[in-house]
1. Using modelled amide H (1.01 Å from N, peptide plane; none on Pro or chain starts), what sits under 5 Å from the amide H of Ser140, excluding residues fewer than 5 places away?
2. At what distance in nm do the modelled label points of Arg374 and Ala111 sit from each other, each positioned 7 Å from its Cα along Cα→Cβ?
3. Compute the Kirkwood hydrodynamic radius of segment 17-200, taking the inverse of the mean of 1/r over all pairs of distinct Cα atoms, and give it in Å to one decimal.
4. Normalise the Cα radius of gyration of segment 66-169 by 2.2 N^0.38 Å (N = residues in it) and let me know the number.
5. Rounded to the nearest 0.05, what FRET efficiency do Ala58 and Phe326 have when you use their Cβ-Cβ distance and R0 = 30 Å?
6. List every residue whose amide H lies under 5 Å from the amide H of His192, counting only residues 5 or more places away in sequence or on a different chain, with H placed 1.01 Å from N in the peptide plane.
7. Taking Cα pairs under 8 Å and at least six residues apart, what relative contact order does segment 68-137 come out at, in percent?
8. If we count every other residue with Cβ under 13 angstrom of Ala45's Cβ, Lys/Arg +1 and Asp/Glu -1, where does the sum land?
Amino acid sequence: MTPLLPLTLFLLALSPLSVAGDYCEDFEPGNLGGFWTNNPLDSQADWESQTYDELKTAVPDFPAEPSGRRLAYLLPKSSGENYLSARLVSRSAHVFPAGSRIQFRYWIRSALSQASSLDVRLVVNGAEDPRPFLDLKTQSLPNNNQWRTATATIPAQGAAAKLSIFGGRGMTLSDQVAIDDIVVSGPADLNHPCGGTGSTTPEPATTTTEPTTTKEPTTTTEPTTTTEPTTTTEPTTTTEPTTTTEPTTTVPTTTTLPTTSTQPTTTTLPTTTTTEPTTTPAPTTTTEPTTPPPTTTPSPTVDPNRRCICSLADHHSVLYSLPPQFSASCDHEAARLCDEECRTQTDVLQAQGSWSVVKSGQRVGDAACESLGRDEVHGLEAAVVYSLCEQATKHVGEFQPKLCCRDGRYVTC
């Protein structure tokens, strides 16, 4: 049995974490699985399970998937979007003990350095932490054409928390964000190893069960970042074309049927078709268009006061407001959703370029400087605030970078 030990250690290094206390999602079933779901507040895009072949057709230089056939990819909900963003959120909250961690494979690229975004945050009591504990934005470079592996320790929480994976990208072929093989480790109630239905990873994992005395090396699973390309054996399924024996159905020997060529003597039948045009009075049914059902289109009654408005402001006035979102109510839950939506909108705005982003033909910074009405050379710290249903304004966080103005226009500080 001793010769198996080096092989076992090698296979342990190849496979992602897959023991009790883990949840692994490889997206091979064709959906997001039972642990993850899209955040319903995100209106621009969704994370969706896609095959490598589908994406390779749309993005010719899409790097080969290191494991399996499917991955999670950021897709727009509708046409006309210039920037996509969405959050993949855990369905349930869990208590993450010390030492909990998250690991996943990812590909991120952008035409401009750090223009695409990919980060992970905690959501506690419905409030998303504005500071990610894992931020991969610096890996978003124009020449990044390979998959990488990210591992981060999940901050220990006394209360149950959810995980939120935020992704954002532009709409050019150079702007890409994709993830795969997400492994969450720590909570004792998790037990879903990689290698479920349709996965290509179970076989290497099962080979580790024979040498039961090799539990000590389990700490060697961290170097999984160097072995992803080993799961490229899937094309062996090309043996299926052996079903080409079906053409043995040579029954065309029944070609004697043309002996019925004597039947064309029935050509007298077309003479009976000349009498049918006498049914021309049928067009008298042209009176049907008198049905006026379009009157059943009542306009929705939306209370204009029920709005969630996210703004950038100084201590005295609003500098710039993002497009308002209509709210179904004005209660505590609506305020929580408004707060979360405001954080998302400003996160996206900062990912796109902050004050330099052009909205409605004008830079956000220029509009803010016009509202400020004076030059600012030292840098103004703008706050992110929201108002709901004409209630008092609530502070959300700070907008970066600082705002500097000269002659009524935005300039870099």
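Every number in this text was worked out from the coordinates using simple rules, so none of it is lab data. The structure displayed is predicted, hence computed values, not measured ones. Positions of Cβ are backbone-derived with ideal geometry, glycine not excepted, and every protein chain shown enters the neighbour counts.
1. Gln114
2. About 3.9 nm, to one decimal.
3. Values: mean 1/r = 0.0604 Å⁻¹.
This gives a value of 16.6 Å.
4. On the way: Rg = 14.8 Å, N = 104, 2.2 N^0.38 = 12.8 Å.
In units of the globular-protein estimate, segment 66-169 measures up at 1.15.
5. Numbers: r = 34 Å, r/R0 = 1.12.
With a Förster radius of 30 Å, E is 0.35.
6. Amide H to amide H, under 5 Å and 5 or more residues apart or across chains, His192 pairs with Gly21, Asp22, Tyr23, Cys24.
7. Values: 40 pairs, mean separation 12.7, N = 70.
Once normalised by length, the contact order is 18 percent.
8. Numbers: positive: Lys77, Arg87, Arg169; negative: Asp42, Asp46, Glu48, Glu81, Asp175.
Summing Lys/Arg as +1 and Asp/Glu as -1 gives -2.
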